[in-house]
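Report on one structure; see the data block that follows.
The values are calculated or read from the model by the stated rules, or taken from the named source; none is laboratory data. Just so you know, these numbers come straight off a predicted model, no measurement behind them. Cβ: placed from backbone, ideal geometry, glycine included. Neighbour counts: every protein chain shown. We work out accessible area using only protein heavy atoms, side chains counted, and drop any ligands, DNA or RNA first. Shrake-Rupley method; radii C 1.70, N 1.55, O 1.52, S 1.80 Å.
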Amino acid sequence: MKDKLVNIGFGNIISAGRLIAIIHPESAPVKRLITEARSDGRLIDATYGRKTRAVVIMDSNHIILSAMQPETVSGRFLDKEDNGR
């Protein structure tokens, strides 16, 4: 079975099948999650130095930072599901 891929900005692609959540980075619990992932080596920064606008949580327990809005990332994810039918 072919896995769907989603662009999260700047040509960075993630596997849609392994995505758990896309969340805003502003809350204190999310900031703690990012800090813990960074110290554990589970953080992937795909912002290219820009402001983090979305935090993507994967089933592998990796945390991915994106400079795109969560709504944009989720829209691309939903577009992939619709086009795959």
Rough spin-label spacing in nm, given labels placed 7 Å along Cα→Cβ, for THR35 and ARG76:
2.9
Rolling a 1.4 angstrom probe over the protein heavy atoms, how many square angstrom per residue are accessible across the chain?
64
Simple SL model, points at 7 angstrom along Cα→Cβ for MET58 and ALA28; separation in nm is 3.0
Residues with amide H under 5 Å from that of ARG53, placed H, sequence gap 5 or more
SER66, ALA67, MET68
Between 0 and 90 degrees, rounded to the nearest ten: what's the tilt of helix 28-40 against the longest Cα principal axis of the chain?
90
For a quick protection proxy, order the peptides 50-56, 12-18 by their average other-Cβ count within 10 Å, most packed first.
50-56, 12-18
Heavy-atom accessible surface of the chain: percent carbon and sulfur, 1.4 Å
52
